[in-house]
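Below is one structure, written out as structure tokens; comments come after it.
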């Protein structure tokens, strides 16, 4: 059995706790939570600690806390030369104090509280400074997911920015669509199957091949109609910029 | 049995043909195709015509062709006072010649050639000038879909613009994400579960509640890092505008 402990009790930490509890090859020894009650529904209280000094020796410590707090917390760990990883998409492995052996365990998914996720399908991007640590990290990852990638800090930075576009920014476009519907007395539910199919389409087709609409058809008349319909200047700008982006990409393809 | 004929042989027409073929209450009498061979895999040749003069009398004619051609085609129809609808999201019912009784039958979905869609889940937005025609149109719609909406031309215009945001524009963000991955030697496949979950999340949560990321956290340091990473000026602009949109919407909510 590989022994691990998790530091953190937020959204990512809770999903990891749930996933590791079901693993037969991993023993989840302790979880550090500033407020123990946040995770008492997930673990027996004897496994929950609220000071770092209580951390016992394990094979791997997973720090799953806010980006801002990772560096300070890793400085404060009361041990050296053990294997410590963080779960952040945006921070380099160097953010961890080098008194310990360092790595990254980045689950590429958006986690919602109280919404279960099939962890087997969550891609895990792994990185470590030492080969032997990587082998252990990979075993830990494989115990909960079928989708494992070796990704450097440099690659991860670009991946995280790409994730902002396809997740955070896409969600804002959903929000704009929702707002247009609400303001015009149209049920947003009408768009939901379209939203699912738009995502589903690129599971098997490249986004550039899946592109449709007035922008790619260079249907300037429809584009102008839409621009004069939109009253919000910011939405108008977004409409123009993305239309330009669709047309530029299309031209590159030709 | 309600008798219908379809005018058109493109993507939307083909998906409609497939759906109506399986309906037990609708008789698909004829399909007009400029090039008959485009749909011979779907229908017996005796049902396929290639001149409008061959159209026999039915209860409903569905024009499923490019927006640009709808008006001219409806002028050319060799009959009057019959019930004729188009399938366009962006055009008012007035685009049809008023020598016939007019309506709209707009399926809100993105159709891909050779990719089957469960038509039962496709929302159909209906409109007609006359009450009696609406009743017939609704019966036709219910024979292939469980999701029927009465939507006026004015509502449909806003719905179509909202659809551009959540479909065409979202796809372009997928494309930008893909490009960032490819340029940095990261498999785009890593982002696919995130893309599906981002869409899936708003099936049960409003987009404004589902929003996460550095923009809504007002994490200016991360935003600046991302902006200096992006070399493409257009993508930088899109990043800035959508970040502003996320923050503005969030402030409105407070």
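The values are calculated or read from the model by the stated rules, or taken from the named source; none is laboratory data. For clarity, every value in this text was computed on a predicted model and none was experimentally measured. Heads up, the Cβs are rebuilt from the backbone with ideal geometry, glycines too, and the neighbour counts pull from every protein chain shown.
Quick notes
- Within the stretch B:23-33, being in contact (Cβ under 8 Å) with a residue 40 or more places away in the chain and surrounded by fewer than 20 Cβ atoms within 10 Å (Cβ to Cβ) holds for B:23, B:24, B:25.
- For the stretch A:215-229, the candidate set comprises residues that are more than 7 Å from chain B (Cβ to nearest Cβ) and part of a loop (DSSP other than H, G, I, E, B); within that set, the residue that is surrounded by the fewest Cβ atoms within 10 Å (Cβ to Cβ) is A:218.
- Among the residues of the stretch A:104-127, the one identified as surrounded by fewer than 18 Cβ atoms within 10 Å (Cβ to Cβ), closer than 14 Å to residue A:142 by Cβ and in contact with a helix residue (DSSP H, G or I) (Cβ under 7 Å, 6 or more places away or on another chain) is A:121.
- Subset of the stretch A:19-30 (residues that are touching a helix residue (DSSP H, G or I) at 6+ places or on another chain (Cβ under 8 Å) and assigned to a helix (DSSP H, G or I)): A:19
- Some residue of the stretch A:65-85 being at pLDDT below 95 and not in a helix (DSSP H, G or I): yes
- Residue match in the stretch A:185-192 (condition: closer than 27 Å to residue A:108 by Cβ, facing chain B (nearest Cβ under 8 Å) and within 28 Å of the chain's Cα centre (by Cα)): yes
- Residues considered: B:178, B:200. Of these, the only one that is within 28 Å of the chain's Cα centre (by Cα), more than 7 Å from chain A (Cβ to nearest Cβ), assigned to a helix (DSSP H, G or I) and within 17 Å of residue A:108 (Cα to Cα) is B:200.
- Among the conditions (1) within 14 Å of chain A (Cβ to nearest Cβ); (2) closer than 27 Å to residue A:220 by Cβ; (3) surrounded by fewer than 19 Cβ atoms within 10 Å (Cβ to Cβ), residue B:97 misses just one, which is (1).
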